[in-house]
Amino acid sequence: MKLSSLVFTASIFTSAVTAFSPAATTTRTVSLQNNGRKSFTPTALSVGAAYGTMGGLIDVTDEYAQRDVYAMEEWATNYGVQKVETQLYSEDGADYQLVSQAQIPAGSTAIFVPAGVCLSSNAVVDEYGGSLQQAEQVLVQMDQGTQRRLPLFRLMVKILAEYEKGQDSPFFPWLNSLPRQFYNGVSMTDACFNCLPPYAGWLTSNERINYSHFVNALRQGFVPLSPEVVNNDAVVKWAYNVAFTRFHEVWEPTRQKLIAPMADMLNHSSEPNCEITFDQQGNCNVNALYDIQPGTPLTVSLGDPTNPTPIFAQYGFLPNDCATIFCKAMHLEPQIKDLGYDFKDLLFQTQSGEIAPKVWDIFLYKILQENDQGAADEFYVACKTNDEGTKQGYHDNYFAYTLDALKQHVYKILADVENMNMKAQSYDLQTHPRVPVILAHNNLVRDTFTMTAALLEQMG
């Protein structure tokens, strides 16, 4: 998935698409998973015969290999995936998106993916049983926090298992349509980390730590995968990134992560026109949130639009429609937690540099803690009880100090980003291909903080 801001006209597309009708479909809808529900049977489409020599593995090290997306589209259609008035489109053969060919009415289904085609973290548990459980126990022993990440680990195991089968896997056409190169935090080199501001560095570092835990648990030998696969760093990282960037999480009837081929081609927007849902049978539906006009990319939200850095860290792109960014005050994390604030509360406006009120709160709270604990306690209570009068009184009395602290922070970030950009620009793009997206992120920080600095100077 990658953001694209392009808008297309309906005249680009000429092929017709029939209306959505699950009952009327004449395509094969067998399950592709040996998970205790339906099994892949000899009467189903023979993937190896349809798509090449049996047993071949995907070369994930060829990061510039052409993605065979249209073979995946044929495969998906044969297994009951339905696209309604929707066409796959790419300008460069690398980044793809789904674009409407005709108006899609609000509430209608644009894409239907039958349950048997979807990868389900719960189904992986059924498929691998005790061997998977042993690996997960090792994982949780390394870090209790990974308990909530187990569904992601299960999807990674499933992707590796299907990769290992090569063209014998019924999922081969989908796997072969996926990107080989990723630009997110897990994919960055150590040198890239030295070019990230504190918040982005913290997010990407956490994800790399999580990935290393997954690898360690995988290599204990419990999961029935070949040593050639689990010890291949490029393959394991690719499988992790596929799972990490393409899953959709559901909470009912139980929490699990799922990947729906074709629906995973939807791109991000801060104002999405579609939503992804799964019904009780596990079928995936992509529904229009409002009337979608012809030539419009189908989009979903991949994260909080007010805070683009987590999207950058997970997916490896920077949304070009973000209106705010986090103030980068990672050194005030204890104060943020004390006051019960969240990173999404502590924002600078990207178009004006304006500062969210709670940013002033955390800087003032730190000053009070260092100089007058009684005042800090009273200010803390005012923040917790929404006593705006008391809060404003403290802000008025300590404005000069808070202003100075904010100036120091903003100018430090600006100086750091300038140094980081100079370092990043010195790197060889062949060795560090993620430098452009890092620079785009850092330039957004620089431009926003420059406007914030100008506003602060106007204040005194």
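The values are calculated or read from the model by the stated rules, or taken from the named source; none is laboratory data. Here the structure is a predicted model, which is why all the values come from computation and not from measurement. Here the Cβ positions follow ideal geometry from the backbone for every residue, glycine too, while neighbour counts run over all protein chains shown. Note: accessible area is taken over every heavy atom of the protein model, side chains too, but ligands, DNA and RNA are not part of it. Shrake-Rupley method; radii C 1.70, N 1.55, O 1.52, S 1.80 Å.
Miscellaneous remarks
- Any pair with Cβ under 6 angstrom, 6 or more apart, that starts in segment 84-101 at a residue that is assigned to a loop (DSSP other than H, G, I, E, B) and ends at one that is acidic (Asp, Glu): Gln101/Glu85
- Of all residues making up segment 68-83, the number that are outside any strand (DSSP E or B), touching a Leu at 6+ places or on another chain (Cβ under 8 Å) and open to solvent by 10 Å² or more (accessible area, probe 1.4 Å): 3
- Residue in segment 355-376 that is open to solvent by 60 Å² or more (accessible area, probe 1.4 Å) and at pLDDT below 95 present: no
- Any chance Ile104 is of a type outside the set (Ser, Thr, Tyr), over 24 Å from the mean Cα position of the chain (by Cα) and modelled with pLDDT of 90 or more: yes
- Selection status of Tyr128, over 22 Å from Glu249 (Cβ atoms) and assigned to a helix (DSSP H, G or I): no
- Filter pass, Val99 being touching a strand residue (DSSP E or B) at 6+ places or on another chain (Cβ under 8 Å), among the β-branched types (Val, Ile, Thr) and open to solvent by less than 10 Å² (accessible area, probe 1.4 Å): yes
- Residues in segment 62-88 that are of a type in the set (A, V, I, L, M), within 25 Å of Asp291 (Cα to Cα), modelled with pLDDT under 95 and under 24 Å from the mean Cα position of the chain (by Cα): Leu88 only.
- Of the residues making up segment 175-187, those that are part of a loop (DSSP other than H, G, I, E, B) and farther than 18 Å from Val235 by Cβ number 1.
- Asn442 meets each of the listed conditions (1) touching a residue at least 60 places away in the same chain (Cβ under 8 Å); (2) in contact with an Asp or Glu (Cβ under 8 Å, 6 or more places away or on another chain) apart from (2).
- Matching residues in segment 347-365 - criterion: being free of Cβ contacts under 8 Å to residues at least 12 places away in the same chain and at positive phi: none
- Selection status of Thr61, open to solvent by 50 Å² or more (accessible area, probe 1.4 Å), more than 21 Å from Leu298 (Cα to Cα) and of a type in the set (Val, Ile, Thr): yes
- Condition check for Gly460: open to solvent by 30 Å² or more (accessible area, probe 1.4 Å) and modelled with pLDDT under 95: yes
- Flag if Leu175 is in contact (Cβ under 8 Å) with a residue 60 or more places away in the chain and open to solvent by less than 40 Å² (accessible area, probe 1.4 Å): yes
- Met156 vs. criteria over 23 Å from Val286 (Cα atoms) and within 20 Å of the chain's Cα centre (by Cα): yes
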